[in-house]
Amino acid sequence: MEARAILRSARIAPRKVEIVLNLIRGKDLDVAMATVKHTPKAACEYLEKLLKSAAANAEMNHNMDKNNLYVAECFVCPGPIMKRIMPRAQGRAFRILKRTSNVTVVLKEKE
């Protein structure tokens, strides 16, 4: 039995999210929440909300015990890229890629 939460098109680059996901992968839910809460990274704001959502899904939809949950898997995939243009010298245009992320968190219950 597993509970998952998915965040789509978050306005943050996937490589920034991956740094924080590596810190919480395989940890207990309360340890993961504490890690995310006290890590000074931009992705932590998104991940804290996502962990809370996955925990709520586990409790409400699957009748899992919140105290026995752990982060079974978590990964990030690139989402749609917004392309913008910045003017440069001599009439040239420079492309700016504003990257987005699709983040998935899966919680399982310990036996």
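Scanning the stretch 84-94 for residues that are of a type in the set (D, E, K, R) and touching a strand residue (DSSP E or B) at 6+ places or on another chain (Cβ under 6 Å) yields a total of 2. Would you pick out the residues in the stretch 14-40 that are among the hydrophobic types (A, V, I, L, M, F, W, C) and within 11 Å of the chain's Cα centre (by Cα)? If the condition is that a residue be among the hydrophobic types (A, V, I, L, M, F, W, C) and within 11 Å of the chain's Cα centre (by Cα), then 17, 19, 20, 21, 24, 36 are the ones that fit.
Given 108, 27, which one is over 13 Å from residue 3 (Cα atoms) and among the basic types (Lys, Arg)? On inspection, the qualifying residue turns out to be 27. Before we move on, is residue 15 charged (D, E, K, R), surrounded by fewer than 15 Cβ atoms within 10 Å (Cβ to Cβ), out of contact with any helix residue (DSSP H, G or I) (no Cβ under 8 Å at 6 or more places or on another chain) and in contact (Cβ under 8 Å) with a residue 40 or more places away in the chain? Against the criterion (charged (D, E, K, R), surrounded by fewer than 15 Cβ atoms within 10 Å (Cβ to Cβ), out of contact with any helix residue (DSSP H, G or I) (no Cβ under 8 Å at 6 or more places or on another chain) and in contact (Cβ under 8 Å) with a residue 40 or more places away in the chain), residue 15 does not qualify. No other residue among 99, 92 is of a type in the set (D, E, K, R), over 16 Å from residue 5 (Cα atoms) and surrounded by fewer than 10 Cβ atoms within 10 Å (Cβ to Cβ) apart from 92.
How do the pairs read when you match residues in the stretch 74-98 that are free of Cβ contacts under 8 Å to residues at least 40 places away in the same chain with residues anywhere that are part of a helix (DSSP H, G or I) and surrounded by fewer than 10 Cβ atoms within 10 Å (Cβ to Cβ), using Cβ under 7 Å and keeping only pairs 6 or more apart or on different chains? Close Cβ pairs (under 7 Å, with a partner that is part of a helix (DSSP H, G or I) and surrounded by fewer than 10 Cβ atoms within 10 Å (Cβ to Cβ)) do not exist here. Candidates in the stretch 36-47 are the residues that are surrounded by fewer than 16 Cβ atoms within 10 Å (Cβ to Cβ) and either of a type outside the set (A, V, I, L, M) or in contact (Cβ under 8 Å) with a residue 60 or more places away in the chain (or both); of these, the one that is farthest from residue 100 (Cα to Cα) is 38. In the stretch 18-35, the qualifying residues are those that are among the charged types (D, E, K, R) and part of a helix (DSSP H, G or I), and the one that is surrounded by the fewest Cβ atoms within 10 Å (Cβ to Cβ) is 30.
Here, each number is a calculation from the coordinates, and none is a lab measurement. A quick note: this is a predicted structure, and the numbers were derived from the prediction, not measured. Cβ coordinates were reconstructed from backbone atoms using ideal geometry, including for glycine residues, and neighbour counts include every protein chain displayed.
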